[in-house]
Amino acid sequence: MMKRSGLQQNTGFTLIEVMVALTIIAISLGALLNTSGTQANSATYLKQKTLAHWVAANELAQVRIAKEFPGRGDKKGSTVMANHEWFWVRTTKETEDKDAREVTFKVYADKERTNNLTTLIGYATR
């Protein structure tokens, strides 16, 4: 009986294959972390926009239910909602109807009113 003397085959991964796999995993995890960070920022921004819109809607409702017809021009003010002070500018303009006024609210998150989060246009009547 004759014995065959041959090389034994290894069935493991080579170093290059392992390095390529680790590189792919590292790139994928980096992209995943970036995406989750972007989603967290987007959620915060959307929450701010929603609250700012509620502030504008509440202020417009206050103008509508007030006994006094709003005068023309700009008025600045602030409102506290959700433990945050929101700053707004109300612009009131005449319309073709003498008994109606166009009222625009712009709401900001900062006192300097540099970052407009929402704008709401409505009408007030006598």
Filter pass, Ile27 being assigned to a helix (DSSP H, G or I), loosely packed, with under 10 Cβ neighbours inside 10 Å and of a type in the set (A, V, I, L, M): no
Enumeration of residues in the range 44-81 that are surrounded by fewer than 10 Cβ atoms within 10 Å (Cβ to Cβ) and aliphatic (A, V, I, L, M): Ile65, Val80
Strands (runs of 3 or more DSSP E) enclosed by the range 57-126 - at least 1 residues per element that are in contact (Cβ under 8 Å) with a residue 60 or more places away in the chain: 116-125
Sole residue being polar (S, T, N, Q), within 20 Å of Asn116 (Cα to Cα) and at pLDDT below 95, chosen from Thr23, Thr92, Thr44, Thr38: Thr44
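The values are calculated or read from the model by the stated rules, or taken from the named source; none is laboratory data. These numbers come from a predicted model, not from an experiment. Counting neighbours? That spans all protein chains shown, and the Cβs are built from the backbone with ideal geometry, glycine included.
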